[in-house]
Amino acid sequence: MSQIAPAAAPDELLTAALREAMSQADRREAVGEAKFAVLEAAVQLLDADRPELADQPELRTELLREALGAVRAAAVAAGVAVTRARQVTAVPA
C-alpha cells in the first residue's frame, strides 16, 4: 500500500520559496540587499503567525521585531539604491 505524503500548508510552501529566493539573492548591490531584506521580513512574519506560537508571546514578539528590523534594512538599502541611481543618471556622458 502506498502512502501519500501530507500536503504542506500554504505558509510552509511560501516560506520555503522565500528562503530559496533568499539563498539566491545577489546582495552585492543595494537593490539586491533590499530584496533580500524584504524576503527576510516576509519569512519572519510568516514564522510569527504560526499557530503553535500562540502560547509563546516572547518568541512571537522577537520574530515580529526581527521582521520590523528587516523592513527598516530594506528601506535603508532601497534609499541607497535610489541615491546611487540618481548619481549614475546625473553623470554627463
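The values are calculated or read from the model by the stated rules, or taken from the named source; none is laboratory data. Quantities reported herein were computed from a predicted structural model and do not represent experimental measurements. Protein only, heavy atoms only, side chains kept; ligands, DNA and RNA dropped before computing areas. Shrake-Rupley method; radii C 1.70, N 1.55, O 1.52, S 1.80 Å.
Would you mind getting the accessible area per residue of the chain, heavy atoms of the protein chains only, 1.4 Å probe, in Å²?
Numbers: 6970 Å² over 93 residues.
It amounts to 75 Å² per residue over the chain.
Relative contact order for the chain: what is it in percent, counting Cα pairs under 8 Å that are at least 6 residues apart?
On the way: 74 pairs, mean separation 26.4, N = 93.
It rounds to 28 percent for the chain.
In the chain, the DSSP-assigned H stretches of four residues or longer account for a calculated mean residue ellipticity at 222 nm of -25500 deg cm²/dmol, using -39500 (n - 2.57) per stretch and the full residue count as denominator.
Taking the accessible area of the chain, probe 1.4 Å, and keeping the other protein chains in place, the carbon and sulfur fraction comes to 60%. I need the shape label for the chain. Rule: rounded when a/c is under 1.5, else prolate if a/b > b/c, else oblate, with a, b, c from the alpha carbon gyration tensor. Here the chain falls in the oblate category.
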